[in-house]
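> Here it is, the structure, as structure tokens.
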Amino acid sequence: MSSHWFFLLAAIAVEIVATAALKSVVSAPWLVAFLPLALIGLSFALLSIALRVIPLAVAYAVWEGLGIVGIAIIGHLLFGEHLTPERVVALAAILAGILLLERGVGEAPAAKPRVELPKGRLA
């Protein structure tokens, strides 16, 4: 596994913490409200490092998709938000979509060799 994947996972973790902090600081003093913004900036910086190697479609899908799943779990555990069966199916669909996208991005299929016809008269 490339170190760029670790940067991507770190970006996801920071994004989840930033979003949870955003919900937590709604009624906090305005200076504290800048913490989630700083964390989101850090998440974007880490994502930009991952994008040096990981294809854009894959990196963004993994960053956003795992972020959504992580936030749903944090929302359930820390904030008492409901995780209904329908939401669990939706989160599973997000994960399945990420896997399908990741498997579909890769090297382009090899081009078919061109057949050269001999130059000259046709029989």
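> Near the amide H of A33, under 5 Å away, which other amide H atoms are found, from residues 5 or more places off or on another chain, if H is placed in the peptide plane?
Long-range HN contacts for A33: none found.
> Please order H76, H4 by the number of other Cβ within 10 Å, starting at the fewest. Kindly include the intermediate steps, with their values, before the conclusion.
Numbers: H76 13, H4 16.
Taking fewest neighbouring Cβ atoms as first place, the list is H76, H4.
> Can you work out ³J(HN,Hα) from phi for every residue in the range 32-45, in order, using Karplus 6.51 cos²θ - 1.76 cosθ + 1.60 and θ = phi - 60°, giving whole Hz and x for Gly and Pro?
5, 5, 7, 4, x, 5, 5, 5, 5, x, 5, 4, 5, 5
> Using amide H atoms built 1.01 Å from N in the peptide plane, name the residues 5+ places from E81, or on other chains, whose amide H lies under 5 Å from its own.
H76
> Between the range 58-100 and the range 21-57, what is the separation of their alpha carbon centroids in Å?
18 Å
> Which ³J(HN,Hα) values in Hz, rounded to whole numbers, follow from the phi angles of the range 65-80 under the Karplus curve 6.51 cos²θ - 1.76 cosθ + 1.60, where θ = phi - 60° and Gly and Pro get x?
x, 5, x, 5, 5, x, 5, 4, 5, 5, x, 5, 6, 9, 10, x
> Can you give the net charge of the other residues whose Cβ lies under 13 Å from the Cβ of G65, counting K and R as +1 and D and E as -1? Before the final figure, lay out the partial values.
Details: positive: none; negative: E15, E64, E102.
So the surrounding residues net to -3.
> From the residues F79, S24, V62, which one has its Cα farthest along the dipole of the range 3-104 in the positive direction, the dipole being from +1 and -1 charges on Cβ of Lys/Arg and Asp/Glu about the Cα centre?
V62
> If packing is taken as the mean number of other Cβ atoms within 10 Å per residue, what is the order of 89-97, 64-72, 9-17, highest first? Walk me through the numbers on the way to the answer.
Working: 89-97: 12.9, 64-72: 18.1, 9-17: 19.8.
Per-residue mean Cβ counts within 10 Å order the peptides as 9-17, 64-72, 89-97.
> Using bins 10 angstrom wide from zero, how does P(r) for the range 3-104 break down, in % of all Cα pairs?
Reading upward from the zero bin: 16, 40, 33, 11, 0.
> Once you place label points 7 Å from the Cα toward the Cβ at A13 and V88, how far apart are they in nm?
2.7 nm
A short reminder: the numbers here are calculations on the coordinates, not readings from a lab. Being a predicted model, the structure only gives us computed values, none of them experimental. Neighbour counts run over all protein chains shown; Cβ positions are idealised from the backbone, glycine included.
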